[in-house]
Amino acid sequence: MTKKQKRTVHVIIKEVALIVITIIMLLPILLSITMSFETPSEVFTYPPRIFPNTLYFGNYVNAFNSIKLGRLLINTIIMSVIIVAGKTVFGILAGYAFANFKFKGSSLLFALLFVTIFMPAEMIMIVPLYKLMVSLHWINTYWALTIPFIASATSVFLMRQYFLTIPKELEDAAKIDGAGSIKYLTKILIPLSKTMIGSVIVINFVYAWNFYLWPLVVINSNSMQTAQIGLQMLMTTGATRNWGIITAGTIIVLAPVLILFFAVQNLFVQGIVTTGLKE
């Protein structure tokens, strides 16, 4: 067998393996979508169907009506947008400072910041954060949902690593042309960093959208709950064990994340691939 033939065989094996893995990963989602369109009597049909015989939209209507899912989605969107905007802005500014400014203790400060990435803040800080929210009278408000998580070390790290891949000569040329630090950031760095900014947005949106424990602690009003809490509420209402309604609610909550990912997947992949590379 020639080298070209061996290379072709290896490519075919890899492609087949990736297809099989993709099918295994997507099968639960496909079954959930099918179940969400089935009537209660069809949900437990054995063997389970890959595609529904009919499109029964009653499950989606019941999911929306039983827990006011529309309101919960609005709350989650508002919370996620604020958190994503904050983390993106602060990530860009802090990442730019760490990448382009050398000041005393910058390496130590960045190392300490990097360590916090591995600390689950939502678990470690939950008690002091809750006490702070109570003292500020922020319980049952968007402030409590968003302000404690409006900045993150992950965003700073990703933006800093990406800024380091941009040639220093660009900054020198900009300074020669009279551009200050802010103008260089806004006119040159940010336009060149669209791929990483897209990645940061996706990562932080998924993180914020999947919030469960913190909203459960600081929100006790049904009208202020988030979509993830709504799914739990859906399982404990009259729809209990009606898996058609439960899966319909799950698909509704999952849809925004999938839409965002597929909309910016090229930026996401390019941003992650180039992170940490420096010429």
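Residues of the stretch 130-149 being on the phi < 0 side of the Ramachandran plot, touching a residue at least 40 places away in the same chain (Cβ under 8 Å) and surrounded by 15 or more Cβ atoms within 10 Å (Cβ to Cβ), which ones? Listed by number, the residues that qualify are Tyr130, Met133, Trp138, Ile139, Thr141, Ala144, Leu145, Thr146, Pro148, Phe149.
Checking each residue in the stretch 114-129 for being part of a helix (DSSP H, G or I) and surrounded by fewer than 17 Cβ atoms within 10 Å (Cβ to Cβ) picks out Phe114, Val115, Thr116, Ile117, Phe118, Ala121, Glu122, Met123, Ile124, Ile126, Val127, Pro128. Consider Ile74 carefully, then state whether it is part of a helix (DSSP H, G or I), over 25 Å from Gln161 (Cβ atoms) and not small (Gly, Ala, Ser). Judged against the criteria, Ile74 is a match.
Has the stretch 98-110 got any residue that is farther than 13 Å from Thr154 by Cβ, under 19 Å from the mean Cα position of the chain (by Cα) and surrounded by fewer than 16 Cβ atoms within 10 Å (Cβ to Cβ)? No, every residue in the stretch 98-110 fails to be farther than 13 Å from Thr154 by Cβ, under 19 Å from the mean Cα position of the chain (by Cα) and surrounded by fewer than 16 Cβ atoms within 10 Å (Cβ to Cβ).
Scanning the stretch 150-188 for residues that are under 28 Å from Phe205 (Cα atoms) and of a type in the set (Lys, Arg), we see that the one that is surrounded by the most Cβ atoms within 10 Å (Cβ to Cβ) is Arg160.
Suppose the filter is farther than 30 Å from Val218 by Cα and either part of a helix (DSSP H, G or I) or modelled with pLDDT under 85 (or both); does Phe64 pass it? No.
When the stretch 63-92 is filtered for residues that are among the aliphatic types (A, V, I, L, M) and out of contact with any helix residue (DSSP H, G or I) (no Cβ under 8 Å at 6 or more places or on another chain), the ones remaining, listed by number, are Ile74, Val81, Ala85, Val89. For first residues located in the stretch 39-61 and in a helix (DSSP H, G or I), partners that are modelled with pLDDT under 75 and not hydroxyl-bearing (Ser, Thr, Tyr) and lie 6+ apart or on another chain with Cβ distances below 7 Å do not occur. For the stretch 149-157, indicate whether the set of residues that are closer than 14 Å to Ile219 by Cα and in a loop (DSSP other than H, G, I, E, B) is non-empty. So far as the stretch 149-157 goes, no, none of its residues is closer than 14 Å to Ile219 by Cα and in a loop (DSSP other than H, G, I, E, B).
Go through the residues of the stretch 159-178 one by one and say whether even a single one is within 26 Å of Ile78 (Cα to Cα) and either assigned by TED's automatic domain parsing to the domain that holds Ala97 or in contact (Cβ under 8 Å) with a residue 60 or more places away in the chain (or both).
Yes, some residue in the stretch 159-178 is within 26 Å of Ile78 (Cα to Cα) and either assigned by TED's automatic domain parsing to the domain that holds Ala97 or in contact (Cβ under 8 Å) with a residue 60 or more places away in the chain (or both).
Contact annotation: residue pairs with Cβ atoms under 8 Å, 6 or more positions apart or on different chains, pairing a residue in the stretch 27-38 that is exposed (fewer than 13 other Cβ atoms within 10 Å of the Cβ) with a partner that is of a type in the set (Val, Ile, Thr), are Leu30/Ile50. Within the stretch 193-242, can you find the residues that are in a helix (DSSP H, G or I) and either exposed (fewer than 14 other Cβ atoms within 10 Å of the Cβ) or not assigned by TED's automatic domain parsing to the domain that holds Ile147 (or both)? Of everything in the stretch 193-242, those that are in a helix (DSSP H, G or I) and either exposed (fewer than 14 other Cβ atoms within 10 Å of the Cβ) or not assigned by TED's automatic domain parsing to the domain that holds Ile147 (or both) turn out to be Lys194, Leu213, Asn222, Ser223, Gln232.
The values are calculated or read from the model by the stated rules, or taken from the named source; none is laboratory data. Computed from a predicted structure; not experimentally measured. Methodologically, a virtual Cβ is constructed for each residue, glycine included, from the backbone with ideal geometry; neighbour enumeration extends over all protein chains shown.
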